[in-house]
1. With θ set to phi - 60° and the Karplus curve 6.51 cos²θ - 1.76 cosθ + 1.60, what are the ³J(HN,Hα) couplings of the range 42-50 in order, to the nearest whole Hz, using x for Gly and Pro?
2. Return the distance in nm (one decimal) between the two label points of a simple spin-label model at residue 284 and residue 57, each offset 7 Å from Cα along Cα→Cβ.
3. Can you pull the Kirkwood radius for the range 174-324, inverse mean 1/r over Cα pairs, to one decimal in Å?
4. From the Cα trace of the chain, what convex hull volume per residue do you get, rounded to a whole Å³?
5. Output ³J(HN,Hα) for the range 19-35: one whole-Hz value per residue in order, computed from phi by the Karplus curve 6.51 cos²θ - 1.76 cosθ + 1.60 with θ = phi - 60°, and x for Gly and Pro.
6. Using only alpha carbon pairs under 8 Å that are at least six residues apart, calculate the relative contact order of the range 174-324 and give it in whole percent.
7. Scattering from the C-alpha atoms of the range 39-103 alone, worked out with Debye: what is log10 I(q)/I(0) at q = 0.18, 0.24 1/Å?
8. For the chain, what does -39500 (n - 2.57) per DSSP helix run (n ≥ 4), summed and divided by total residues, give at 222 nm, in deg cm²/dmol to the nearest 500?
Amino acid sequence: MRIAHVSTFDSFIRANHVLATSLLPHQVTSRHHVMLVRDGQVTREQILGILGEEPASVLSMEETFSEVMEGGYDWIILSAENTSCRRFFDLLSKHQAAARPRVATIYPGILFRHHVDGLSARMPADLVILNSSNDQRLYRRLLEAVGGSSDNSFNLGPVTALGAKTKPAEGRNKVVFFDQPSVPRTVGEKAYIFRELLKLADRHPELEFCVKLRVTPRQMTLHKGGQDALGVFEACNASASGRRLTLVDGSSRDVIANACLCLSVSSTALIEAIAFGCPAAAITDFGIDEEYGVSFFLGSGITRSFSALDPYDPPVVNPEWIADNLGEPNLRIPCLMEELVRAGNAPAENVAVFPAYGSREFFEHACAEHGLRRALERHYRKPKGSRLRKFSKFLKNRIRFLG
């Protein structure tokens with residue numbers, strides 16, 4: 001079986017790489033295609049850091065689409081954000097071919113914002129690969145609501161947990177906080193995190209407290225804003241009167257392998273830590289809501305405030321929550337291969353983006369007002385001047401922190 005792994009931003013490339021690695025033992029030939037959808041989307045160094053020496057095509061969406069359609073592939077695994085999914089399936093809906101590769105979609109991490117929107121953006125796929133039984137139940141309700149004729153979902157579990165093997169955390173002395181680009185959003189909130197970590201470091205001098213930044217100033221990611229974290233980290237460290245925090249580099253898996261406790265607000269790294277058997281905690285100091293994603297961990301047993309954290313009494317994950325939100329993705333890979341073979345042998349159907357993307361009548365209206373691409377990107381939902389307001393808010397936060 002020949003599979004094209006089509007991805008956009010760095011986390012999406014990483015997820016597709018993890019899946020491709022898990023499929024290799026099953027007589028699968030894979031090739032990666034990085035689909036460019038935004039200026040400064042991903043750097044060459046980031047691609048090489050994820051894929052290594054694996055050959056990868058790096059082209060625009062239209063060029064990537066033509067390449068994978070004509071490349072003799074059996075399947076395309078699309079790992080992309082909602083807007084790019086809608087644009088890709090719009091292209092596919094207009095592609096007339098007697099035989100075409102089937103298309104499956106995956107997620108790069110946990111879902112907490114725009115959950116239903118993400119599911120509907122992927123609905124036109126031949127196979128929608130989902131993270132959990134909870135997601136599959138929601139997807140089936142969505143299918144029913146829009147009048148979907150057949151269930152095209154498959155519950156694999158989080159792709160990022162593939163290949164994980166549980167290892168005891170005894171003998172390790174690193175407590176690692178995993179930063180996120182836009183969670184929390186403001187410089188002041190990020191500074192709060194680093195200062196609380198410094199307090200913990202002072203209380204536990206026998207442990208090493210580390211920070212894993214999501215991006216550095218020269219790296220790019222889907223969610224903007226993470227490049228500020230390094231400056232905030234350095235400022236907080238420089239003003240500390242006691243111990244200092246340490247920056248750690250490398251893949252999240254390598255970092256988790258050396259940690260005795262993993263912390264974050266809502267990073268997918270917490271899921272990886274759980275899969276690897278490392279204690280983890282989702283920080284609740286900013287509240288529990290969908291905006292910052294801590295709501296995903298409701299019922300998990302790992303939600304904690306900084307003041308309640310005890311590295312020697314770490315949270316214990318609720319096994320029922322694991323069953324609903326994590327499952328056993330490694331054990332599901334053979335089932336996924338069976339589904340790819342079964343669906344691949346069935347006659348290819350024409351791809352329809354309606355009613356998943358709303359009514360045809362409104363979409364035609366939006367296209368007439370804004371053009372096809374802007375309609376697919378839903379620019380009509382953005383109030384005039386919203387970019388200026390966001391920039392003004394960013395400047396105010398910077399001035400408040402620096403001044």
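Every number here is computed from the coordinates shown, using simple stated rules; none is lab data. Computed from a predicted structure; not experimentally measured. Here the Cβ is made from the backbone with ideal geometry for all residues, glycine too, and neighbour counts use every protein chain on show.
1. 7, 8, 4, 5, 5, 4, 5, x, 8
2. Once both label points are built, they end up 4.9 nm from each other.
3. 15.5
4. That works out to 144 Å³ per residue.
5. 5, 4, 5, 6, 8, 3, x, 9, 6, 10, 9, 10, 9, 8, 10, 8, 9
6. 23
7. Each listed q corresponds, in turn, to -0.79, -1.23.
8. Details: 15 runs with 163 residues, N = 403.
One gets -12000 deg cm²/dmol as the mean residue ellipticity at 222 nm.
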